[in-house]
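None of the figures in this text is laboratory data; all of them are computed from the coordinates on show. What you are looking at is a predicted structure, and each value in this text was computed from that prediction instead of being measured. Don't worry about glycine lacking a Cβ; one is built from the backbone with ideal geometry, like all the others, and counts go over all protein chains shown.
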Amino acid sequence: MKHLKNCSLCPRNCHADRRLGKGFCKAGEAPKIARAALHYWEEPCISGNNGSGTVFFSGCNLNCVYCQNYEISSQCFGKEISVNRLAEIFLELQAQNAHNINLVSPTPYIPQICAAIDLVRDKMHIPFVYNTGGYEKPGSLRLLKGYVDIYLTDIKYFSGELAKKYSGAENYFNVAISAAEEMIKQTGAPKFLDDGIMKSGVIIRHLVLPGCRKDSEKILNTLAQRFSPDDFILSIMSQFTPSNRLAEKFPELCRKVTTFEYSFVTDTAIQLGFTQGYMQQRSSAEQKYTPPFDLSGV
């Protein structure tokens with residue numbers, strides 16, 4: 001695959017020859033996944049009653065220090081499989097009555113994912129969801145046109161200082177907002193089936209971080225300026241889960257988001273006109289919502 005020879009799929013532009021080694025994201029030539037199973041903890045329009053057919057890819061081009069999926073994003077736990085096997089997994093999840101195929105941290109594997117979809121396109125009748133941290137190049141997203149129906153993307157930071165500190169990506173906000181523009185351009189306004197399950201469109205997620213409510217406010221203000229509330233679904237998350245591994249370098253992240261912090265952000269969203277979307281219960285900030293990465297379905 002030509003994109004893997006001198007890889008610049010993501011904004012890291014590491015130019016690794018992934019046929020011979022790994023890129024910044026720790027991904028090589030073959031798709032590597034840690035779990036493929038029904039998942040019930042996404043937004044209601046994604047998970048529904050049947051669950052989302054979720055494929056957790058190993059490796060990540062962002063590597064946030066607080067990632068709940070640290071075991072696979074940074075430690076790269078998983079199993080390498082063939083493109084043919086990936087295509088089979090899509091069909092197996094569909095056969096389990098999944099509402100969609102949910103591709104988590106898929107950025108390093110865009111060429112392999114497209115190749116797998118091509119193998120089973122005539123047999124698939126559910127949407128594909130591209131579930132990303134938002135650090136995407138518009139040019140790479142254009143490769144997905146006609147393959148992806150729903151973009152589930154993060155906008156994590158406004159501040160370059162925060163983005164550099166927690167994700168090593170000082171240019172994160174400008175990259176993520178440009179990516180969101182391309183996603184909305186591709187899909188148009190969100191569309192739903194009669195049962196409320198999303199058919200196409202964009203969901204923009206924002207995870208509220210401890211001590212960062214003012215940064216969240218700046219993100220929401222910019223979204224309100226750049227887009228119409230009808231262009232996408234906004235999902236504000238409270239699920240930040242502290243980890244002991246952060247204590248030494250990032251002690252400020254060793255607590256949950258307070259009710260005041262989260263309410264400040266959600267109130268700001270409502271004041272800006274984002275009256276349709278999702279706001280999590282505070283109880284979602286628990287480890288139990290992180291699935292076991294045990295190679296299920298691989």
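Structure notes:
- Other residues lying with their Cβ under 9 Å from the Cβ of L162 contribute a combined charge of +1, Lys and Arg counting +1, Asp and Glu -1.
- Segment E161..L272, full-extension length gain: 37.4 nm, with 0.36 nm per residue of separation and the alpha-carbon distance subtracted.
- Just so you know, the averaged projected area of the alpha carbon convex hull for the stretch 179-298 sits at 9.9 nm².
- Förster-model FRET efficiency, 30 Å R0, A95 and F250, C-beta, rounded to 0.05: 0.10
- Dipole moment magnitude, nearest 20 debye, the chain about Cα centre, only Lys, Arg, Asp, Glu C-beta charged: 780 debye
- Relative to its residue count, the chain spans a Cα convex hull of 119 Å³ per residue.
- This model, with +1 at the C-beta of Lys and Arg and -1 at the C-beta of Asp and Glu, gives the stretch 121-265 a dipole about its Cα centre of some 300 debye.
- The stretch 1-70-the stretch 255-277 distance, computed between alpha-carbon centres (Å): 29 Å
- Low-density loop cleavage sites - trypsin sites (Lys or Arg not before Pro) in the stretch 173-261, where at most 13 other Cβ are within 10 Å (DSSP): K249, R255
- Treating each Cα of the stretch 1-108 as an identical point scatterer and summing with the Debye formula, the log10 of I(q)/I(0) at q = 0.14, 0.16 Å⁻¹ comes to -0.59, -0.75.
- Spin-label pair K218/K79, simplified geometry with 7 Å Cα→Cβ offset, distance in nm: 4.5 nm
- Charge dipole (Cα centre; +1 on Lys/Arg Cβ, -1 on Asp/Glu Cβ; no other charges) of the stretch 26-156 amounts to roughly 220 debye.
- Taking each DSSP H run with n ≥ 4 as -39500 (n - 2.57) and averaging over every residue of the chain yields -9000 deg cm²/dmol at 222 nm.
- Kyte-Doolittle mean at least -0.5, axial Cα span of 24 Å or more - DSSP H helices of the chain: none
- Between E181 and D118, the distance separating the two model label sites (each 7 Å from Cα on the Cα→Cβ line) works out to 3.0 nm.
- Virtual spin-label span in nm between T259 and K5, 7 Å along Cα→Cβ: 6.0 nm
- The stretch 109-175 and the stretch 186-235 have Cα centres lying 15 Å from one another.
- Table column - 3J(HN,Hα) (Hz), the stretch 198-212, Karplus curve with 6.51, -1.76, 1.60, x for Gly and Pro: 5, 9, 7, x, 10, 10, 9, 9, 9, 8, 6, 9, x, x, 10
- Among S52, S167, S74, sorting on how many other beta-carbon atoms sit within 10 Å of each Cβ, with the fewest leading, yields S74, S167, S52.
- Residues whose placed amide H lies under 5 Å from that of F128, excluding near-sequence neighbours: I101, D149, I150
- Within straight-line cross-link reach of K32, lysines at Cα separation under 29 Å, skipping those fewer than 8 residues along the same chain: K2, K5, K22, K79, K123, K137, K145, K156, K164, K165, K199, K288
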